[in-house]
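Below you'll find the structure, written out as structure tokens, and then a few comments.
Please treat every number below as a calculation from the coordinates, not as lab data. Everything numeric here is computed off the predicted structure, so don't read it as measured data. Glycine gets a Cβ as well: all are built from the backbone with ideal geometry, and neighbour counts include every protein chain shown.
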Amino acid sequence: MRLDDTCRWSRAMLSIVANAVALSLPLSFVGNEAAFARAPVQTPVLTASAIAVADKYSADAAQQIFNEGGNAIDAAVAIAFTLAVTYPEAGNLGGGGFMTLYVEGKPYFVDYRERAPAAASRTMYLDGKGKVVSGMSLVGEKAAGVPGTVDGMWQVHHRFGRLTWKQVLTPAIQYARQGFEVEPQLQQVREAEEKHYEGKTNFSRYFGALKAGTTFKQSELAQTLQRIADHGGREFYTGRIAELIAAQTRGSKWITRHDLQQYRAVWRQPIIANWHGYQVITAPPPSSGGIGLIQLLKMKENLRSRFADVPLNSPQYIHLVAEIEKRVFADRAQYLGDPDYYKVPVAQLIDEPYLAKRAAEVNPKAPSDTRSVQPGLGMVTAQRVSRVTANERAETTHYSVVDKWGNAVSNTYTINGYFGSGVVVEGAGFLLNNEMDDFSSKPGVPNLYGVVGSDANAIEPGKRPLSSMTPTILTRNGKLALVVGTPGGSRIFTSVFQVITDLYDFKMPANEAIAAMRFHHQLLPPNTIFWEPYRPIEGELAQQLQTLGYTLERQAFNGDVQLVKINGDTPEPVTDPRKRGVARVIR
Ligand code: GLY
């Protein structure tokens, strides 16, 4: 069977699923193993498969799936469900994300971002005086969007998976039922976050026992995963799990059965741009990440004479990159939002002449006055705030997967902050996200990441909040070259940019590129460079940047880039030394 045939078959199956749901047929029918399409057998083009993932349990799950004959898509779905068990601070069933795929030489993108429930409204997080109520979009049920992860995984597996749905869920069910040994980092994160939920949510009742070295079992979550395995992904949206979610949020009149029934992940055209002989395949809106990444890469390219002989991460290098970032974040605040609700000018924002003009605005000697940096396409209504204290945390998780047949998955998914809203769905055992904070609660007021938004990202029922997640794949002459991504909120695309330029402009080995210093600027707070605890900006470098006019701010977290680079026909997976990830080649 050719891929096109498979896609047709899958499309037919999807409509059967939709009809079955509409006709209220038993869900066991649509979850029937025999009903699944099977991806065709391909010829190996790489010496091995490879993964870079956030923890050792998801690495083992992927290995099991590859050993059973699965492809990158099967492994990716198994990883997502496993991390929902073993990496509860960011892995999830109750959140959403983006997946960029390269399958049989073709690029794809799945948007399974959360949506605002029907009960959402533009001013819901404002008090009677029009002020944002602190914390309301971060903690508790009303911080949660309608989750998309399960439908995203269901659709992707349905279209491109080779193993059965039950097979790819098996590792996650085992980890939930039999437990897994808690790593010290997970206990630290739990301790750091628990105080936000005290007296407000049921978090501690479910996750208070996360202690390093102990075995942590999640029987309700095991049941939930088993239901999804037995009845298919739509069980989450129309079956018992949907009932439990609706029951959990009934008191606050929030996510309803109808919201859940309506939820569908969306296949979108990825953003594709040529850069240095590579095709960069990355995330379109509602992510700002893909556009931001392309803008950064192309403006740097336009400024190659300015960058010539400037050493990596020297004061002048950091200054030039910050100047570019200023312009990217000015555009982001004004033009980016859910494309189903707002016409995002994607083509104009990554247009070569536009980016050449924007690059020419960069002041090579000193930081441009923040107020002078406006969105570049006109319609200048961007809001301004004076000083923002960014409450940065290391959110979200990313993994990169390549199979020996040359297919790849770059997946970033999230419940937003660590442990999301802190609300666990009783009886179902998983956390709900706090993705509503990624909307602009009020244009001009910064979110969790200190990022300011405009009307394009105002709250509306059914809308997806703007994201920075940037799962990215690079190809060269149709062959895989790199699969990369990271968590980090608004730092995501500036981090992916730095890793890509370290690899290809500075020709660094992949392990050095991933470990190198990363920094971040985002227009506001003015002239502020954020640095990571892992690689501090200090000493003479700090002094020189301060002399240039920059303020330096330590952000509370380190990133967690996961990449697979393909050298000839050999994949090289690399995990970020900053966290507890695992890179593995699987033969
Ligand atoms: N919630 C993080 C992001 O979507 O970028």
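Let me know the Kirkwood hydrodynamic radius for the stretch 45-200, please, with Cα pairs as the basis and the value in Å to one decimal. Let's see the in-between values first.
On the way: mean 1/r = 0.0565 Å⁻¹.
So the Kirkwood estimate lands at 17.7 Å.
What's the center-to-center distance, using Cα atoms, between the stretch 525-587 and the stretch 118-142 in Å?
The distance from the Cα centre of the stretch 525-587 to that of the stretch 118-142 comes to 34 Å.
Hey, rough spin-label estimate for Lys166 and Tyr534, points 7 angstrom out along Cα→Cβ, what's it come to in nanometres?
It works out to 4.0 nm between the two label points.
Give me the extension gain from Thr215 to Val585: residue separation times 0.36 nm, minus the current Cα-Cα distance, reported in nm with one decimal. Please list the in-between numbers first.
Details: separation 370, 0.36 × 370 = 133.20 nm, distance 2.73 nm.
Gain in length upon complete extension: 130.5 nm.
What whole number of Å gives the distance from the Cα centroid of the stretch 280-326 to the Cα centroid of the stretch 213-238?
Cα centroid of the stretch 213-238 versus Cα centroid of the stretch 280-326: 42 Å apart.
From the phi of every residue in the stretch 142-156, what ³J(HN,Hα) in whole Hz does the Karplus formula 6.51 cos²θ - 1.76 cosθ + 1.60 yield, where θ is phi - 60° and glycine or proline is x?
6, 7, 8, x, 5, x, x, 4, 5, 5, x, 5, 4, 5, 5
Using helices alone, what [θ] at 222 nm do you get for the chain, with -39,500 (n - 2.57) per DSSP H run of 4 or more residues, divided over all residues and rounded to the nearest 500?
It comes out at -11000 deg cm²/dmol, rounded to the nearest 500.
Just to verify a number: FRET efficiency for Glu191 and Glu553, C-beta to C-beta distance, R0 = 22 Å, to 0.05?
Numbers: r = 24 Å, r/R0 = 1.09.
Efficiency, rounded to the nearest 0.05: 0.35.
Below 20 Å, Cα to Cα, which lysines can Lys200 reach? Residues fewer than 8 away in the same chain don't count.
Qualifying lysines at Cα under 20 Å: Lys142, Lys253.
Rounded to the nearest 0.05, what FRET efficiency do Leu377 and Ser134 give with R0 = 22 Å and r taken as the Cβ-Cβ distance? Could you check? Please report the intermediate quantities before stating the final value.
Working: r = 33 Å, r/R0 = 1.50.
Approximately 0.10, to the nearest 0.05.
Could you name the lysines in cross-link range of Lys129, using Cα to Cα under 19 Å and dropping any fewer than eight places away on the same chain?
Cα-Cα hits under 19 Å: Lys442.
Using modelled amide H (1.01 Å from N, peptide plane; none on Pro or chain starts), what sits under 5 Å from the amide H of Ser467, excluding residues fewer than 5 places away?
Residues meeting the amide H criterion: Ser287, Ser288.
Per residue and in Å³, how big is the convex hull formed by the alpha-carbon atoms of the stretch 210-283? Write out the running numbers ahead of the final one.
Working: hull volume 16.0 nm³, N = 74.
It comes to 216 Å³ per residue, whole-number rounded.
Where the Cα atoms of the chain are projected onto their three principal axes, how long is each span, largest first, in whole Å?
66, 61, 47
Cα to Cα, under 27 Å, and not fewer than 8 places away if on the same chain: which lysines meet these conditions relative to Lys166?
Answer for Lys166, where 27 Å is the Cα cut-off: Lys56, Lys106, Lys217, Lys404, listed by chain and number.
Full-extension gain between Asp340 and Glu181, please, as 0.36 nm times their residue separation minus the C-alpha to C-alpha distance. Walk me through the intermediate numbers first.
Values: separation 159, 0.36 × 159 = 57.24 nm, distance 4.23 nm.
This chain segment gains 53.0 nm when fully extended.
Normalised by the number of residues in the chain, what is the relative contact order in percent for Cα pairs under 8 Å and 6+ residues apart? Mind dumping the intermediate values first?
Details: 1404 pairs, mean separation 130.8, N = 587.
Relative contact order here is 22 percent.
Separation between the Glu198 and Glu426 pseudo-spin-labels, each 7 Å from Cα along Cα→Cβ, expressed in nm?
2.3
Starting from the Cα of Asp505, step 7 Å along the direction of its Cβ; do the same at Thr47; then give the gap between the two resulting points in nm.
Modelled inter-label distance: 3.1 nm.
Report the extension gain between Ala516 and Ser252 in nm, rounded to one decimal, defined as 0.36 nm multiplied by the number of residues separating them, less their alpha carbon distance. Intermediate results must be reported in sequence, preceding the final value.
Details: separation 264, 0.36 × 264 = 95.04 nm, distance 4.55 nm.
Fully extending the segment from Ala516 to Ser252 adds 90.5 nm.
Quick check: the distance between the Cα centres of the stretch 50-72 and the stretch 337-365, to the nearest angstrom?
For the stretch 50-72 versus the stretch 337-365, the Cα centre distance is 38 Å.
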